[in-house]
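Below is one structure; the comments refer to it alone.
What follows is calculated from the coordinates using simple rules that are stated; it is not laboratory data. Fair warning: this is a prediction, and the values are worked out from it, not measured in the lab. Using ideal geometry, Cβ is built from the backbone for each residue, glycine included, and neighbour counts are taken over all protein chains shown.
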Amino acid sequence: MIRIEQAAWDLMVAHAERTFPNECCGAMLGKVDGVDKTVTEAVAIENAFTGEQGARYEIRPEDLIAADKAARSRGLDLVGIFHSHPDCDAYFSKTDLENSCPWYSFVVLSIKGGKFDHANSFLPDPDQTRAEPEPVQFPGS
Ligand SMILES: [Zn+2]
């Protein structure tokens, strides 16, 4: 289960709606207690994909390392990655799976017509062959 607190959630939705119709991405910071995760802060990260960004995102390794450092400096963990699917449901795509890391939660926000619609979280396996849905709780859900 991953629980996203209000301030983090507000930033994630605002970032996803602002970057529409492109995909956005970012980091989720918080606490991990076994399988229970709490996201207390979110950080917007620039989509570094050089092609058409309507259905792709890419995070520079150095941006992810910076997010990890920022988390540690505040006594938090890098809990996961979020990104948006503009005018598309919040599923975990083949590309998402190929670019995943098994130790993070991946939250996908569906943005339809520029407004938040729904969100899902996924836990990719170490082989990057499948991703299990992870229960996600956010304000209003
Ligand atoms: Zn995706």
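Would you point out which residue out of D68, D63, D77, D87 is touching a residue at least 60 places away in the same chain (Cβ under 8 Å) and more than 11 Å from the ligand (Cβ to nearest atom)?
Unique residue meeting the criteria: D87.
For D96, indicate whether it is acidic (D, E), within 12 Å of the ligand (Cβ to nearest atom) and part of a loop (DSSP other than H, G, I, E, B).
When the stated conditions are applied, D96 does not pass them.
Could you list, in sequence order, all residues of the stretch 99-119 that are assigned to a strand (DSSP E or B) and under 19 Å from K31 (Cα atoms)?
S105, F106, V107
Among the listed residues A71, A55, A66, A131, which satisfies the condition of being surrounded by fewer than 19 Cβ atoms within 10 Å (Cβ to Cβ) and over 19 Å from V13 (Cα atoms)?
Going through A71, A55, A66, A131 in turn, the sole match is A66.
Taking the criterion of being within 14 Å of the ligand (Cβ to nearest atom), within 25 Å of R130 (Cα to Cα) and not aromatic (F, W, Y), would at least one residue in the stretch 31-38 satisfy it?
No; the residues of the stretch 31-38 include none that is within 14 Å of the ligand (Cβ to nearest atom), within 25 Å of R130 (Cα to Cα) and not aromatic (F, W, Y).
Would you confirm whether or not the stretch 86-99 contains a residue that is under 9 Å from the mean Cα position of the chain (by Cα) and farther than 21 Å from V35 by Cα?
Checked against the condition, which is being under 9 Å from the mean Cα position of the chain (by Cα) and farther than 21 Å from V35 by Cα, the stretch 86-99 yields no hits at all.
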